[in-house]
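One structure is given below, encoded as C-alpha cells.
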Protein chains: 2
Amino acid sequence: MNRVFKALADPGRRRVLQLLRKRPMSAGELAEHFPVSKPTMSAHFTVLQEAGLIDAEKNGRTIIYRLRMSVLEDALLGFADSLGWDMKNTEADNPAQLSTETSRTPRKGN
Amino acid sequence: MNRVFKALADPGRRRVLQLLRKRPMSAGELAEHFPVSKPTMSAHFTVLQEAGLIDAEKNGRTIIYRLRMSVLEDALLGFADSLGWDMKNTEADNPAQLSTETSRTPRKGN
DNA sequence: ACATTAGTTAGATAATTAGCTAAATATAAA
DNA sequence: TTTATATTTAGCTAATTATCTAACTAATGT
C-alpha cells in the first residue's frame, strides 16, 4: 500500500492511470501524451507496475499496459478505512471535531 | 491536490492523520508516537499543513494540530472521480476491462 | 541479411526529500 | 530574572527521485 501511495505522488503517473482507465494502451501510445522522454516514461511504468496498479502484456513488439482498478480501490478504501472513514456513506464522521470543521459536502442525510 | 498526494506518500505522515483522526493533538504528543527527532516531525507537520490536511492552533507554548478531513475527502473523492470511479457504488465500472480484472473484494453484492 | 520500430536497460546528473544536531524563539514557572 | 519546556529554524548529509542521452534487445519488414 505504501508503494501505491508513492506511485500516486507523481501527477504524471496519476495521469497515466486516468488514460488507462478508458482502455489498455501501449507504452508508446501513452508516452505520446507526455512531454518527457521514453526512458522516463518507462521508469514511471515500472513504478506503477511495482505498485500493482498496472500490468503489462507483451504483444509483438509493443507492450500493452492495463489498469488494475482493484488495487487502487483496495488502497484508497483501505486507507480511508484506517481513518475510520466510510467512503460509501461519505459524511466523514469525525469524533472530536464534529462541530468544528468537517463534511462540507452534504452527501448523505445531514 | 498534488500537494495532498505528495503528503500522503509518506507512511509516517499518513499515520499522523490517523492519530489526529481521534482527536486534535499537540506536536509533542504526536511526536511521541514516532522514532524520529522532533525537528523531523516538525517538518512533516509543515508538509501536511501546506497540503491543507491539518491546521495548527497555538495554545500557550504548545501547538495543537487538527485534522482537516474535508481536504482529504475532496482530494480522494476528486481523484476517484477523475478516474470515472464512483466510490459510493464501488464496483469500479471499468469500460474496457469489465471481465478482465476488477473488484476482487466482494464489497457490494457479488 | 539489414534496417526499422518499440521499448527497455545503463549510467550520469540535478533536484527533492528525510533525517540529523545545534541553535533560536517564545511561553510559562520558580 | 533565571530556568525549564515546547516547538521551530538553520544548516548539513545521505538517500531517493526524475530526468536525460546513449546503447542495447527483440520483433518485424524489406
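Among the residues of this structure, B:F5 counts as one that is at pLDDT 95 or above, closer than 30 Å to A:E57 by Cβ and aromatic (F, W, Y). Within the range B:9-54, the set of residues being under 17 Å from A:F5 (Cβ atoms) and either hydroxyl-bearing (S, T, Y) or within 10 Å of DNA strand C (Cβ to nearest atom) (or both) comprises B:A9, B:D10, B:P11, B:G12, B:R13, B:H44, B:V47. In the set A:Q18, A:Q49, only one residue is at pLDDT 95 or above, more than 19 Å from B:W85 (Cα to Cα) and not in a strand (DSSP E or B); that residue is A:Q49.
Set side by side, the residues B:D55, B:D74 differ, and just one is part of a strand (DSSP E or B) and either more than 10 Å from DNA strand D (Cβ to nearest atom) or closer than 23 Å to A:A9 by Cβ (or both), which is B:D55.
Scanning the range B:5-43 for residues that are within 13 Å of the chain's Cα centre (by Cα), of a type in the set (G, A, S) and surrounded by 16 or more Cβ atoms within 10 Å (Cβ to Cβ) turns up B:A7, B:A9. Inclusion of B:D93 among residues that are outside any loop (DSSP other than H, G, I, E, B), out of contact with any helix residue (DSSP H, G or I) (no Cβ under 6 Å at 6 or more places or on another chain) and at pLDDT below 95 is not warranted. Contact annotation: residue pairs with Cβ atoms under 7 Å, 6 or more positions apart or on different chains, pairing a residue in the range A:5-18 that is at the interface with another protein chain (Cβ under 9 Å from one of its Cβ atoms) with a partner that is hydroxyl-bearing (S, T, Y), are A:Q18/B:S82.
Number of residues in the range A:44-60 that are surrounded by 13 or more Cβ atoms within 10 Å (Cβ to Cβ) and either of a type outside the set (V, I, T) or in contact with a His (Cβ under 6 Å, 6 or more places away or on another chain) (or both): the value is 10.
The values are calculated or read from the model by the stated rules, or taken from the named source; none is laboratory data. This is a predicted model, so every value here is computed, not measured. Cβ sites come from the backbone with ideal geometry, for glycine too, and all protein chains shown count toward neighbours.
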